[in-house]
């Protein structure tokens, strides 16, 4: 464990989530108080406790129904989900083996795969894409119409070492700007800090993911969307998709509890569908979870969050295409090399 912790700490400055094993709990045996010849003792099916780490934003927005059902004891398994503001908060949990499943930026999943890869395999695998393009460049003003208008400006952003950083750098370069010389990129620890700068600073420019972008523009009319990263990605890399977030699972946990993990995927897919199909009801849960301040804002933000559930061959194709673009631009963004087929659950 110390060896893996050292690998992760050395590789990720912004942090990442690693996953470990959890135990199982079994419900007590129940029998009829007055058995008859046809009566038999019954033992409820074993339920596995699954610890889940998600980040404040779209990944947890797609998880809220599963979390709500888990609290009511309705999940197929015993889910213990915790939301964190930044990946940094999860690292100690990861190192101590307290997390089985985590929602992480897509490039960090690849970094973790490469940094934990041994002859026996990697410590993590990716099971599903859960978030597509969610990033927008916002301006507290009206001067940025194209990428060229960013030259000489300071861009505020969170997610250093993760998909937001590498996506921004890729789009800047593809549009003729050098991230190191043509702009100043100032990193904040979390999206709320970027939002605070934009709200308080006329002329400021920043990159925010959903739902933070919607929250800010609704609360601060002077801030407007200037460039949508999903649209801009399609213009320069039309053969790939902008994949921002994925579900990773501990290889050890998956090996030990394959059915429990399959149950999680079933419940999680249903939770994502609930969020997308019923924004009003999902908005209530999202606000109650503290992701956004009001249910109405959450409901409005959901369509722009690109919350999804894609697994199997389609997941592999989408994520592999995105990682190849990042790798071509900067191999370090994916941990130095593209992951092998064993990175993908089911391959």
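Nothing in this text is a laboratory measurement; each read-out follows from the coordinates by a stated rule. The model shown is predicted, which means the values in this text are computed figures rather than measured ones. Reconstructed Cβ throughout: ideal geometry from the backbone, glycine too, with neighbour counts over all protein chains shown.
Using the beta-carbon distance between residue 317 and residue 143 and R0 = 35 Å, what value does 1/(1 + (r/R0)^6) give for FRET efficiency, to the nearest 0.05? So, using R0 = 35 Å, E works out to roughly 0.35. Can you classify region 135-236 as rounded, prolate or oblate using the Cα gyration tensor, where a ≥ b ≥ c are the square roots of its eigenvalues, rounded means a/c under 1.5, and otherwise it's prolate if a/b beats b/c and oblate if not? Here region 135-236 falls in the rounded category.
So how much slack lies between residue 256 and residue 174, counting 0.36 nm per residue of separation and subtracting their Cα-Cα distance, in nm? Each step should come with its number before you reach the end.
Numbers: separation 82, 0.36 × 82 = 29.52 nm, distance 4.42 nm.
Using 0.36 nm per residue and subtracting the Cα-Cα distance, I get 25.1 nm.
Rounded to the nearest 0.05, what FRET efficiency is calculated for residue 270 and residue 78 with R0 set to 25 Å and r the Cβ-Cβ distance? Efficiency for this residue pair is about 0.90. Each peptide in 282-290, 297-305 receives the mean, over its residues, of other Cβ atoms within 10 Å, and ordering these scores from highest gives 297-305, 282-290. Based on the alpha-carbon gyration tensor of region 55-158 and its eigenvalue square roots a ≥ b ≥ c, which shape applies: rounded if a/c is under 1.5, prolate if not and a/b is larger than b/c, or oblate? It is oblate, given that a/c is not under 1.5 and a/b is not larger than b/c.
I need the peptides 259-270, 224-235 ranked by packing, meaning the mean over residues of other C-beta atoms within 10 angstrom, with the highest value on top. Can you show the working numbers first?
Values: 259-270: 18.5, 224-235: 17.0.
Going from most to least packed, we get 259-270, 224-235.
What's the FRET efficiency of residue 296 with residue 337 using the Cβ-Cβ distance as r and R₀ = 56 Å, to the nearest 0.05?
0.80
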